[in-house]
Amino acid sequence: MAIASLGCKVNQCDGADIGRGLCALGGELVPFGAAADIYVINTCSVTQKSDYQSRQLIRRAARHNPEAMIVVTGCYAARAPGELAGLPGVRLVLGNDGKAELPAIISERFLGRKSFSPYPLSQESQTGDISPNLPGHTRAFVKIQDGCNSSCTYCIVPAVRGACRSVPLDEVKKRLTQLGRAGYREAILTGIHLGTYGEDLSPPASLLTLMAWADKDRPVTRMRLSSLDPTEIPAEIVTYMQKGGVLCPHLHIPLQSGDDGILAAMGRPYDRSFFMKHLQSLLAALPEMAIGLDVMAGFPGEDEEAFRHTVDLIDELPIAYLHVFPFSMRPGTPAAIMTGQVGEKTKKDRAAFLRALGEKKRQSYALQFIGRELSVLICEKGESGASGIAENYLPVTISSGISPRLNSVVTVVAESYSGGSLYGRVL
């Protein structure tokens, strides 16, 4: 059996849970490029490119073994099941609603095992692979929330993942504790709309509730938040980072545009002035915190002036990196039928410009740490040496000093920067 997951970290967590369930069937998980009897493609549909990549994986599986059972799930399967059902080898198309039961469905429908009962994989408890027997695993993504209540005009996700829903707080605590006992050193809390975590629980909870527990009990060495909307970052989150506790000094925030007209057309709940003042206040409290931004190029109506507003805003902010996405028309979203659609070449050129700006920002942020000590989790080790991730999300390659163990947290003095990574020696 083989599984491939595309797209966001939430989808990766879903895929890990499906993989656990498939292993419970008694078979063996093999790399997706190998011949398998059952292929599961956990699709993404956030852009046209992700749709294309999903179809490519389905065709690739059919080539590897024309007799294989191909099962398609995920966001593309929820959005357009008919498109996928007609592709070669596809035996089952199942959207996100039924994803948790997928191993049991495969067991009964294809393997004839009606009594099969896999790991509990309800949507409310899908929090990623916590097996202690996976060599080389140091960081784990933990899904604590799914769905979205926002109505951004470009986004198909609420339609394919549904409304916001949170993993119960006790379940999250249990999973984080299991991760620590299994040897993982860092947990990244992830969700589709992470800032709403706990609002739907009874009694209500929040990220602050979770942080208070984690800072006291330390289930893992480090924790990180995957993405928070700018209007959903409480000041207390930065306070936890300032304390030097379990929460890493790193935030990933979707900006999308620096132009007020485009932000309004996107349905984003803030304007340029709010975003700038909020980030400035965050950085005033913790000047060396790593802040990454999502930004979209070529949204309908984005003329040269609007694009320049985005560039100027990013130029002005001391951020650590950018994730850049060209606008992708999603059928069924309001943005798909807006006037002022931007040409593909213009979108590509603007995205390239923003990526180049992001690289400058990445280098500028990293260079301020030359000659300084960083706490680094060693995530990879091979013949060419070791590398890892600093608390502030900077990639670090060990160039001298002692040779650290995989999955150890070491102090590294940064000595140089090249190719997107700091290089340094272990104290």
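Key figures for this structure:
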quantity: ASP271/ASN149 FRET efficiency (R0 30 Å; Cβ-Cβ; nearest 0.05); calculated: 0.90
quantity: Cut-off 19 Å, label 7 Å out along Cα→Cβ of GLU28, residues of region 66-81 by amide N; calculated: 68-69
quantity: Förster-model FRET efficiency, 51 Å R0, ALA182 and ARG59, C-beta, rounded to 0.05; calculated: 0.90
quantity: Positive-pole candidate from LEU22, LEU94, GLY298, dipole of the chain, charges at beta carbon; calculated: LEU22
quantity: Added length on full extension, which subtracts the Cα-Cα distance from 0.36 nm per residue, ALA235 to ALA163; calculated: 23.3 nm
quantity: Radius 12 Å from Cβ of GLY261, net charge of other residues (Lys, Arg +1; Asp, Glu -1); calculated: -4
quantity: Fully extended contour minus Cα-Cα distance, from VAL311 to ALA35, at 0.36 nm per residue; calculated: 94.7 nm
quantity: For region 188-245: rounded, prolate or oblate by the Cα gyration tensor [a/c cutoff 1.5]; calculated: prolate
quantity: DSSP bridge pairs, the chain: antiparallel proportion in percent, nearest 5; calculated: 35 percent
quantity: Candidate lysines for bridging to LYS99, where Cα separation is under 29 Å - those fewer than 8 sequence places away on the same chain excluded; calculated: LYS9, LYS49, LYS114, LYS143, LYS173, LYS174
quantity: Cα Rg over Rh - region 14-80, Kirkwood; calculated: 0.97
quantity: Structure-derived volume of the Cα convex hull per residue in Å³: which label, when the choices are (1) 149; (2) 189; (3) 139; calculated: (1)
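Rule-based calculations on the coordinates, nothing more; no lab input. Quick caveat, the model's predicted, so the values are computed rather than measured. Because the Cβ atoms are built from the backbone with ideal geometry, glycine has one as well, and the counts that use them run over all protein chains shown.
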